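Participant: Before we start, here is the structure in question, set down as structure tokens.
The values are calculated or read from the model by the stated rules, or taken from the named source; none is laboratory data. Since the model is a prediction, treat every value here as computed from it, not as a measurement. Cβ placement follows ideal geometry from the backbone for every residue including glycine, while neighbour counts extend to all protein chains displayed.
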Amino acid sequence: MTAMMSKPPVRSTKPVRLALSDVLRLGLLGISTRKFRAALSALGISIGIATLVIVTGIPASSQASLLNQLSALGTNMLQAQPTPDQNPPVLLPESSLGSVQRIGPVTSAAVVANTHTLVRRSDHTDPNDGSGLTVLASSDSLLDSINGKVHTGKFLDASTDKFPTVVLGYVAATRLGINTLVPGRQPPLVYIGTKWFSVIGILDPMPLAPDVERAVLVGWDAAKQFLAFDGHPTVVYVKAREESIEDVRAVLPATLYPQLPGLVQVSRPSDALAAKRASQSNFSALFLGLAGVALLVGGVGVANTMFISVLERRREIGLRRALGATRGQIRGQFLTEAVALSGLGGLAGTVIGVLATLGYAVYQGWPPVIPPLAVAGGFVGALVVGVLAGLHPSIRAARLTPTQALAST
């Protein structure tokens, strides 16, 4: 009888724990029920993030165009040659090219040498008139080392090095009256020393290497075979990584002529290198400032929206608290809503910013540059801004007691 009248077990009064999916659903509920306001809030943050991407992407594209123009001025190029007027003259070793190529930061190197022969358009012209042109023996890597380009035809390579073929600099071609090469036709000939050479290429103008513009270039092996060339280079062209250009310049004389490095003179880096480095630092400071302003504007917009949302939804907060919702669940609901708003706005802003940057860069003829940090940082930054902007409103909502919330409606 006593056992039959025992009290029923007391049920636990602990609040129900909400799964992550439930918290996410509650946060998105506020967005879905107020679609227009949510769209405006997302638009505010998307404008901020789009601004972040644009103010980093467009200047980065402009900077890339500027740096390409400065690089074309030879910011990473050096030229080494024996000091003139030495008696006896300094002869650089035949192994100079290989020695320079073994310097770590060097990305390209080439050698040329004066063959001390004359070039003529015909063997019937004055044998002492070389039209002010120089016949240079050249390594195949010359164009890469001086940022040169072929105007027509092709440059020297392994297949032509041993044959009597030449490439004309832009000025040399003009003086010799050879302005173009027609594919399929017999190439024009020039007379060097006592032998005819076929012209296989003409170079574009090269203001960085005026000596090459006024030169007739012969393959290294062909110069030895047909022009009695001794194999000693007279000029060494070097291209190196810009951050190490001063270090390469310091070791170049000893690398080329270890007996007496002081007898080798090396050109100093182009003044454009200093301008390039200054532009990089100035652009970086500009990026940081503009990005910070854009994020601040977006964060203020989200915070304002969440404060208004808390004021308008006090009845909802009161009912949920009366039905047993904990303060942590209220905080989670409003914080999730703020992060979701910022995330949607950040995603839309990132896409808009990337498309706008690409379109403007293509329109200006710049190389399109989208900094990966700006794209990733735009979206992640939007989420962080959402957390910060929604933190205080969510805490304020959670502090409301059911009576406070219901009494104010």
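Participant: I'm trying to understand the selection: among the residues of region 203-224, which are within 14 Å of residue 114 (Cβ to Cβ) and outside any helix (DSSP H, G or I)?
Facilitator: Across region 203-224, the qualifying residues are 214, 215, 216, 217, 218.
Participant: Counting residues that are within 22 Å of the chain's Cα centre (by Cα) and modelled with pLDDT of 75 or more, which helices (runs of 4 or more DSSP H) fully inside region 1-116 reach at least 1? Give the steps one after another, and end with the answer.
Facilitator: On the way: elements: 20-33, 35-71, 96-101.
Result: 35-71.
Participant: Which of the residues spanning region 154-189 are surrounded by 18 or more Cβ atoms within 10 Å (Cβ to Cβ) and either of a type in the set (Val, Ile, Thr) or part of a strand (DSSP E or B) (or both)?
Facilitator: Those that are surrounded by 18 or more Cβ atoms within 10 Å (Cβ to Cβ) and either of a type in the set (Val, Ile, Thr) or part of a strand (DSSP E or B) (or both): 160, 165, 166, 167, 168, 171, 178.
Participant: So is residue 131 within 22 Å of residue 206 (Cβ to Cβ), part of a helix (DSSP H, G or I) and either among the small types (Gly, Ala, Ser) or assigned by TED's automatic domain parsing to the domain that holds residue 220 (or both) or not?
Facilitator: no
Participant: Residue check, residue 183 against (1) at pLDDT below 90; (2) under 20 Å from residue 134 (Cβ atoms), all met but one. Which one?
Facilitator: That leaves (2) as the condition not met.
Participant: Do we find that residue 174 is in contact with a strand residue (DSSP E or B) (Cβ under 8 Å, 6 or more places away or on another chain) and of a type outside the set (A, V, I, L, M) in this structure? Break it down stepwise before answering.
Facilitator: Details: in contact with a strand residue (DSSP E or B) (Cβ under 8 Å, 6 or more places away or on another chain): no; of a type outside the set (A, V, I, L, M): yes.
Considered against the rule, which asks whether it is in contact with a strand residue (DSSP E or B) (Cβ under 8 Å, 6 or more places away or on another chain) and of a type outside the set (A, V, I, L, M), residue 174 comes out as no.
Participant: In region 210-232, how many residues are in contact with a Ser or Thr (Cβ under 9 Å, 6 or more places away or on another chain) and within 14 Å of residue 134 (Cβ to Cβ)?
Facilitator: The qualifying residues number 10.
Participant: While we're on this one: Among the residues of region 118-163 satisfying the criterion of being β-branched (Val, Ile, Thr) and within 32 Å of the chain's Cα centre (by Cα), which is farthest from residue 184 (Cα to Cα)?
Facilitator: From region 118-163, those β-branched (Val, Ile, Thr) are 119, 125, 134-135, 146, 150, 152, 160; that's our starting set.
Applying the additional criterion that residues be within 32 Å of the chain's Cα centre (by Cα) yields 146, 150, 152.
On the way: 146: 29, 150: 18, 152: 13 Å.
Filtering first and then ranking leaves 146.
Participant: With respect to residue 345, determine if the residue is touching a residue at least 12 places away in the same chain (Cβ under 8 Å) and closer than 22 Å to residue 44 by Cα. Lay out the reasoning, then the answer.
Facilitator: Values: touching a residue at least 12 places away in the same chain (Cβ under 8 Å): yes; closer than 22 Å to residue 44 by Cα: yes.
Here the answer is yes, as residue 345 does meet what is asked.
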